[in-house]
1. Going by the conditions given, is Ile278 assigned to a strand (DSSP E or B), among the hydrophobic types (A, V, I, L, M, F, W, C) and not assigned by TED's automatic domain parsing to the domain that holds Lys198?
2. Hey, could you check the range 635-658 for residues that are without any contact (Cβ under 8 Å) to a residue 60 or more places away in the chain and part of a loop (DSSP other than H, G, I, E, B) and say which is nearest to Tyr435 (Cα to Cα)?
3. Could you check how many residues of the range 141-158 are touching a residue at least 24 places away in the same chain (Cβ under 8 Å) and over 15 Å from Cys212 (Cβ atoms)?
4. Kindly indicate which of His172, His187 is within 21 Å of Tyr34 (Cβ to Cβ) and in contact (Cβ under 8 Å) with a residue 60 or more places away in the chain.
5. Go through the range 497-609 and tell me which helices (runs of 4 or more DSSP H), entirely inside it, have 1 or more residues that are farther than 30 Å from Thr431 by Cα and among the β-branched types (Val, Ile, Thr).
6. Limited to the range 40-89, what total is found for residues that are assigned to a helix (DSSP H, G or I), surrounded by fewer than 20 Cβ atoms within 10 Å (Cβ to Cβ) and in contact (Cβ under 8 Å) with a residue 60 or more places away in the chain?
7. Part of a helix (DSSP H, G or I), touching a helix residue (DSSP H, G or I) at 6+ places or on another chain (Cβ under 7 Å), more than 22 Å from Ile82 (Cβ to Cβ) and in the same structural domain as Phe41 (by TED's automatic domain parsing): which single residue out of Leu175, Leu154 fits that description?
8. As an exercise: evaluate Asn351 against (1) without any contact (Cβ under 8 Å) to a residue 24 or more places away in the chain; (2) assigned to a loop (DSSP other than H, G, I, E, B) and give the number of the one condition it does not meet.
Amino acid sequence: MILADNILKKIKEHKKELDMKGDLPSDAHLAKYYENFRKRFGPDRLRNLDGEALLEAIHDHRNRDSLVYWLEFKNDEEFPAIFGGIAGGSALKFGIYRRKETGEWTTGSPQNQRGLPIEDAILIARTHRDQLLKGAELLDKLPINATDLDYLNLQHDMDDLAPAISNSSWGHKYLSLLYPEKLDNYHTPDYQRFHLIKLLQIPPQEDGRYVCAGRYVSIARELGISLNNLTATLISLNGSPYQYWRIGTTKGLRGDSEWKYMREGGYIAIGWNELGDISYISNDKAGKEKIREKITARYPDSPGAASKQANQVFNFIFGIKNGDLVLACSGMKVLGIGKVTGGYVFKEGPNFSHRRPVEWLSLDPWDLPEKEGLTSTLSKLKIHANLAEAESHILDISTLKTHQRLSGLLGRIQSALERKGQIILYGPPGTGKTYWAERAAYELAALYNFGKSFDELSDEHRKQVLGNDKFPGIIRICSFHPAYGYEDFLEGYKPEVVDGQMIFNLSDGIFKKLCEDAQKDTDHRFFLIIDEINRGDIPRIFGELITILEKNKRGKPVILPLSKAQFQVPDNIYIIGTMNTADRSIALLDTALRRRFGFIEIMPDSSILGRSSVRGIPLGPWLDAINRQICDNIGRDARNLQIGHSYLLENGSPISDFSIFSRVIQEDIIPLLEEYCYEDYSVLEKILGKGLVDVGNQRIKHEHFEESRRDDLIQALITPFPVVFTSSLVQETESEEPEEDLTGSEIISEENADD
């Protein structure tokens, strides 16, 4: 099940209300409207137009039979305005428009418009036509049960092949009308991500207008309704997107808490009391500059911070809108969540004087899943895990089974497993895929089964998770390889010697045993980790499981061909696979498998290495530099052939010993790069530099790795990447910004700290 039970129930009940009021079109009416649009503007129609006829058919707003008019303004019985709005802004959002006054074709930006000769206008229309057709072609090929990965690939293909329309609301609306079963009709990313967060779903981290669609397709299928009626129901329930803000609650650097007064008074507030009443400030650059000047004059001890502080005060007055959610915080602790109900007021007194009224929706304390905004009095929250967690606390969560959320990558894995039942973590070698698979399984097994983190489990509960001699455990692990088969995974005949005779007995495989244990113990959730899943012959190993793995087919029995027994995959099983993309691209995986699994990419992350360096070589920037060279020189699949950060970790921490660092380069990284380059030493030289590669003799200069040649090795490693040593990460004089709960008179001297 994708959504929690009470959220599904809420959507169903609200849709029923809308149906009773006649606010939602029937499926028959929707089909008629889509057909009306396709007959007039479908690919076959556009393909047969050219010249001025094409230009006017697509872009002439004055013509009520033009594509842009239908997309932006059309609203009648033939085609009602129920397919997502794109109105507002300049007509230049279409890239070109015809001036009403003069009839001249115009392009450019709202600030710098320029007229076009008719020939140039036609060229733009042709480009748009061709790219709309390319988008339609891509959606034709997209499977109806496409995965997140399929939609991510669609986004990449749209960006590459149809860049003029890929990031446009009108292009998205055009394609959604042609493929209403594959694309949602939220035509802006803000709407797409907002409504997923309201459903407590962590949106895909990648940017684009096409990456979220698969989530809505799955939800609509689960509810048994059309995508159009799902999005209309969600808008009716949730309204339009709003912003999320974090506001501090303490005075100065280490001052008293203002939370009591905010909570009891029904308001949020900030300090800087000496600014006085600034309700006269205008909502423009001049107004912001006026605030900065007043801060500089009233708080002279912190001139460098005046601009940052002015931005926060300005945002408090004008940036926060009525209806926005505000999280009152002390550090990572959220003390309350409120909805802003009014504008700025000034209340003189000893407490924070600049105020906005709020309706407190939740007063239960909880911790932000991820650090965000800790160094500012007021900051806009953007991390999806934090936003979804806030939404979970303002819902009626008494029956919500999934309100406990992990954060970061673990949160994404949790969300994908709850939605699909099985996922694959994929990426280049050394990115920690197996580590994250195991950690996710440990944490989710502990959370779902015992309501605690893995570290908080008792010894007895840990034994239940990990298993012992008597019980194999809630988490089980296997690894696929070329010899691994159906008989190892599900069931098969295996040889045994009994009384000196060779016999073949029918034996259960690891997955069949797991399913049987899970069926006997429905109170617990079980996990299977499949390491290196792509190294096995997947269709042969999974057999008929490919069908019954799907979330909506869990519990459906099949007859196994060998034992003739009924078999089913229970709901309380989750599968986490890992896949090294240096071995095999995801695009080459069995299509049926791709559709049934969620996919989460794990790429090299140099930030894990922090500021660590070895003999003056900063590990993070050096790794980034190597990977840039790989991407620039190895060809089309280079992105999947990068070097993972775990090569530079030892026992979970960055390497600190140069001799270990040099062995990793010589024994791990260089052989991997030689394989990537197919022993083409000219390419290898472009990646590693002349100091380590002897192109003429087709060899690596291994003599540099001798202890006596350490200085030569260091020079060979740094010479190709001089930019590494100008990185801000290795500037020892640069200090990190403190992660304090700085509020009110933030970064102001202690004598002003009581404002």
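The values are calculated or read from the model by the stated rules, or taken from the named source; none is laboratory data. Everything numeric here is computed off the predicted structure, so don't read it as measured data. Counting neighbours? That spans all protein chains shown, and the Cβs are built from the backbone with ideal geometry, glycine included.
1. No: the conditions fail for Ile278.
2. Here the answer is Gly652.
3. 3
4. Result of the check over His172, His187: His187.
5. The helices (runs of 4 or more DSSP H) meeting that bar are 545-548.
6. Going through the range 40-89 one residue at a time, the tally reaches 5.
7. On inspection, the qualifying residue turns out to be Leu154.
8. Exception for Asn351: condition (1).
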